[in-house]
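To keep things clear, I will list the structure first and then write my remarks on it.
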Amino acid sequence: MSSITGMSLAEMIQSRAVGQDERLTATVSFYGIFDVTLACMTKERYASIGKKAKKTVFVKHQKVEVDDEDKLAEMLAEHVVGWEGLTVRKVSRMFWLRIDDLSEEQREEAIPHSPEEAKTLLLRNKAFADFVLSNALNSSNFSEALEGAEKNLPSGPAIGPAPAE
């Protein structure tokens with residue numbers, strides 16, 4: 001028993017867990033290239049994604065279950081809430097794209113966030129997919145949001161769930 005809370009650790013974890021209808025977000029930098037706002041992913045959501053992002057294929061007349069990369073990217077994209085600072089120039093560096101025929105203004109044009117654009121980045125850049133997964137699961141990224149929610153105060157770049165009424 002904890003003297004502070006009057007309940008066991010298991011009871012405290014269960015009673016204070018972030019609800020599935022609550023969305024914690026945090027902004028993290030993708031290797032200094034651009035900032036990405038991610039929604040927290042619970043371990044239950046991670047397990048659900050792992051189960052749902054599978055497909056059955058036949059290899060030499062045998063059923064084999066493999067990862068469905070498209071479905072996985074679609075489900076991970078739900079955790080990419082937004083981004084800032086992603087430009088045509090930065091995308092060209094991530095994917096080795098030629099931009100020598102573009103004006104300086106076109107090279108600095110911002111790439112707007114959308115679920116479809118997030119899915120494209122996730123499908124085409126393994127480092128970005130790994131980054132989203134590891135950072136959405138990393139509870140320390142969302143500690144400011146949790147503390148802000150408890151205090152009912154803004155928490156900087158992280159946003160906590162709405163206070164219960």
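Local charge for ILE99 was computed over the other residues whose Cβ lies under 13 Å away, with Lys and Arg +1 and Asp and Glu -1, and equals -1. Other residues lying with their Cβ under 12 Å from the Cβ of ALA118 contribute a combined charge of -2, Lys and Arg counting +1, Asp and Glu -1. Each Cα pair under 8 Å and six or more residues apart adds its sequence gap; the mean of these over the residue count of the stretch 1-153 is a relative contact order of 25 percent. Shown for the stretch 23-151: lysine pairs separated by 8 or more places, or found on different chains, whose C-alpha atoms are under 15 Å apart, numbering 10.
Note on the stretch 23-151: with charges restricted to the Cβ of Lys and Arg (+1) and Asp and Glu (-1), its dipole about the Cα centre is near 780 debye. Fewest neighbouring Cβ atoms within 10 Å first, the residues TRP96, TRP83 line up as TRP96, TRP83. Here the residues ASP100, ASP130, ranked from fewest to most Cβ neighbours within 10 Å of their Cβ, fall in the order ASP100, ASP130.
Ranked for footprinting exposure by Cβ neighbours inside 10 Å, fewest first, HIS79, HIS113 give HIS113, HIS79.
Rg over Rh for the stretch 23-151 works out to 1.06, both radii taken from alpha-carbon positions and Rh defined as the Kirkwood radius. Please give me the summed charge of the neighbours of ASP68: other residues whose Cβ is under 14 Å from its Cβ, Lys and Arg +1, Asp and Glu -1. For residues surrounding ASP68, the net value is +1.
Near the amide H of GLU109, within less than 5 Å, lie the amide hydrogens of VAL88, ARG89, all on another chain or at least 5 residues away, with H placed in the peptide plane. Shown is the FRET efficiency for ASP35 and ASP100, computed with R0 = 30 Å from the Cβ-Cβ distance and rounded to the nearest 0.05: 0.65. Positive end of the dipole of the stretch 23-151 (Cβ unit charges, origin at the Cα centre): among SER140, PHE34, PHE58, the Cα lying farthest that way belongs to PHE58.
Every number in this text was worked out from the coordinates using simple rules, so none of it is lab data. It should be emphasised that the depicted structure is a prediction, and the values quoted were computed from it without experimental measurement. Please note: Cβ atoms are built from the backbone with ideal geometry, for glycine as well, and neighbour counts cover all protein chains shown.
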